[in-house]
Amino acid sequence: MTRKGDKIKSILTEKVYEVKAIKDWGVVLESVDGLSQVYTERGNLKLFYEKVENEENPKNFGLSPEPKPMRSPAYVRLDFL
């Protein structure tokens, strides 16, 4: 259940928004930096957004996270011998 004031992140752009208003069929989102707003249907929240749980440092919202280390494959087969 999304409430006014919740922070959510777009899974497509990784931009973080705050829920500003909830209407009958839609939700008004405002970017944390205050430069943009989005109006979307409530159903789109489950499809394209995820709730931001960690709010320790709000200045980092919208920035790309540190890259995750690459996992090596568990099995490598060399066919050239």
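All of the numbers you see were taken from the coordinates with simple rules; none came from a lab. Computed from a predicted model, the values in this text were never measured in an experiment. With ideal geometry, Cβ positions are generated from the backbone for all residues, glycine too; neighbour counts draw on all protein chains shown.
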Here, T2 and K51, labelled 7 Å along Cα→Cβ, have an inter-label distance in nm of 1.2 nm
With a cap of 13 neighbouring Cβ atoms within 10 Å, and only residues DSSP puts in a loop, list the trypsin sites (Lys or Arg not before Pro) found in the range 4-50. K4, K23
Taking one equal scatterer on every alpha-carbon of the range 7-52, how large is log10 of I(q)/I(0) by Debye at q = 0.17, 0.24, 0.32 1/Å? -0.39, -0.80, -1.32
If V28, V19 are placed from fewest to most neighbouring beta carbons inside 10 Å, the sequence is V28, V19
Determine the gain in length on full extension of the stretch W25-Y39; use 0.36 nm per residue of separation and subtract their C-alpha separation, reporting nm with one decimal. 4.0 nm
